[in-house]
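After the structure tokens below, expect a handful of questions from me.
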Amino acid sequence: MPKLLAEADRLLTSQTDNGSITAAALLVRQGSAEFVRAYGKAGLQTPFLIASPTKPMTATAVLLLRDRKQLQLSDAVTKYLPQFSGGDRESVTVKHLLNHTSGLPDMLPENVELRKRHAPLSEFVAGTCRTPLLFRPGTKVSYQSMGILLAAAIVEKISGQPLPEFLAANLFTPLKMTSTSLGLGSHQLASTAPCQVPAASDWDWNSPYWRKLGAPWGGAYSTVSDLAAFIELFTGVGPGPLTVDTRREMRSLQTDGLNQAWGLGWSLQPGSFGQTSSPATFGHFGSTGTVVWHDPAVALTCILLTTKPAEDSRNGLLGPISDLVARSLRA
């Protein structure tokens with residue numbers, strides 16, 4: 001094992017041994033060489049609530065429909081969701097939803113109220129169609145989970161299927177992602193890794209309500225091996241979901257000249273996934289304490305799933321381990 005990868009392994013081991021992290025799993029793969037290990041109370045098949053790495057999955061569903069010529073990225077959102085109308089909403093396109101330039105907020109002002117009363121996703125969609133835009137679409141990047149929510153609503157409108165079923169049939173099954181689902185799916189709640197948050201409400205990350213909701217911006221469950229199969233799809237050239245050109249498009253810059261670098265569903269922000277990673281590196285962090293990324297320049301995949309929220313683990317764990325993994329191939 002490369003020295004710096006061994007250091008990453010020791011860091012995870014020490015933080016699970018001292019109780020800072022309840023459960024974690026790490027996969028590092030380059031070609032046929034692979035390091036994969038579970039830590040603490042997790043096994044390699046333990047499903048983690050991955051949070052925002054769900055967003056590229058929802059974006060993939062949209063691009064699958066585009067590949068089938070059922071929509072165009074330049075289509076106005078109101079074409080599919082007529083209730084999303086008035087003012088600058090008319091100029092919001094499907095592409096704006098996928099590269100965080102729609103002007104929609106990350107969360108609705110009434111987000112907490114909706115969750116407290118266990119609102120279904122349809123109420124989040126209705127609220128998003130009413131909420132004011134924060135800026136003129138396409139003029140800047142501002143991270144927006146509610147844009148991803150509307151993208152999901154469009155997929156459901158066109159396909160006639162709930163998004164969890166569409167993803168299972170068209171993405172997870174073809175990629176043999178047998179432990180992945182949007183929402184709890186066939187998983188038992190007790191078999192999933194609980195997040196390290198106080199049990200202060202019946203709508204937090206560990207509540208049955210949230211675990212079953214299947215939020216298209218953050219409600220998927222997966223394992224390190226399944227997520228490696230997913231992210232490596234985007235540099236693959238063999239048959240499978242999405243055309244090769246679409247796979248490349250999703251991990252290519254779609255916000256040129258704006259304040260942040262995004263593809264379609266994937267973050268391309270330089271240095272986010274290891275300071276020595278190449279400019280072609282793409283990935284996503286998750287607020288539950290997760291990060292997935294791939295560097296095509298060296299065919300390097302890194303998947304780290306933990307139960308410690310990113311606000312507490314990004315600087316002390318997710319970021320440092322990404323740095324160690326990226327440097328381990330260059331040491």
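Past the 21 Å Cα-Cα mark, which pairs from Lys55/Lys157; Lys3/Lys308; Lys41/Lys176; Lys79/Lys140; Lys69/Lys157; Lys95/Lys308? Mind showing how you got there, number by number?
Numbers: Lys55/Lys157 18 Å; Lys3/Lys308 25 Å; Lys41/Lys176 25 Å; Lys79/Lys140 23 Å; Lys69/Lys157 15 Å; Lys95/Lys308 32 Å.
Checking Cα-Cα distances, Lys3/Lys308; Lys41/Lys176; Lys79/Lys140; Lys95/Lys308 exceed 21 Å.
When ranked by the protection proxy of mean other Cβ atoms within 10 Å per residue, highest first, what sequence do the peptides 214-226, 240-252 form?
Working: 214-226: 24.7, 240-252: 16.8.
Going from most to least packed, we get 214-226, 240-252.
I would also like to ask the following. Could you give the size of the charge dipole of the stretch 26-141 about its Cα centre, using +1 on the Cβ of each K and R and -1 on the Cβ of each D and E, expressed in debye and rounded to the nearest 20?
Numbers: 16 positive and 9 negative charges, 41 e Å.
About 200 debye.
Shifting gears a bit: Name the long-range amide H neighbours of Ser287: under 5 Å, sequence gap of 5 or more, or other chain; modelled H, no Pro or chain starts.
Ser52
Another one. Taking a temperature of 4 °C and a viscosity of 1.567 mPa s, what whole-number D in µm²/s does Stokes-Einstein yield for the stretch 3-328 with Rh from Kirkwood over alpha carbon pairs? Show your work: numbers first, answer last.
Numbers: Rh = 19.8 Å.
The estimated diffusion coefficient comes to 65 µm²/s.
Using the crude model of +1 on Lys and Arg Cβ and -1 on Asp and Glu Cβ, and no other charge, please compute the dipole size for the stretch 96-207 relative to its Cα centre, in debye to 20.
Values: 8 positive and 8 negative charges, 57 e Å.
Dipole about the Cα centre, nearest 20: 280 debye.
Only bridges with both residues in the chain count here: give the DSSP antiparallel percent, nearest 5. It would help to have the intermediate numbers written out before the result.
On the way: 33 of 34 bridges.
Of all bridge pairs located within the chain, approximately 95 percent are antiparallel.
Scattering from the C-alpha atoms of the stretch 123-185 alone, worked out with Debye: what is log10 I(q)/I(0) at q = 0.20, 0.30 1/Å?
-0.88, -1.27
Neighbour counts of other C-beta atoms within 10 Å: give me Asp67, Asp9 arranged from fewest to most. Write down the numbers at each step before the final one.
Working: Asp67 13, Asp9 18.
The fewest-first ordering by Cβ neighbours comes to Asp67, Asp9.
Karplus couplings for the stretch 271-283 from phi (6.51 cos²θ - 1.76 cosθ + 1.60, θ = phi - 60°), rounded to Hz, Gly and Pro as x?
Values, residue by residue: x, 5, 10, x, 5, 9, 5, 6, x, 7, 5, 9, x Hz.
In addition: Of Gln196, Gln83, Gln269, which is the most mobile in a GNM of the chain whose springs link Cα atoms less than 10 angstrom apart?
So, out of Gln196, Gln83, Gln269, the one fluctuating most is Gln83.
If you don't mind, there's one more thing I want to ask. Give, rounded to the nearest 20 debye, the magnitude of the charge dipole that the chain has about its Cα centre when Lys and Arg contribute +1 at Cβ and Asp and Glu contribute -1 at Cβ.
Values: 29 positive and 25 negative charges, 52 e Å.
Its charge dipole is roughly 240 debye.
Read the figures in this text as sums done on the coordinates, not as results from a lab. Because the structure is a prediction, the values reported are computed rather than measured. Using ideal geometry, Cβ is built from the backbone for each residue, glycine included, and neighbour counts are taken over all protein chains shown.
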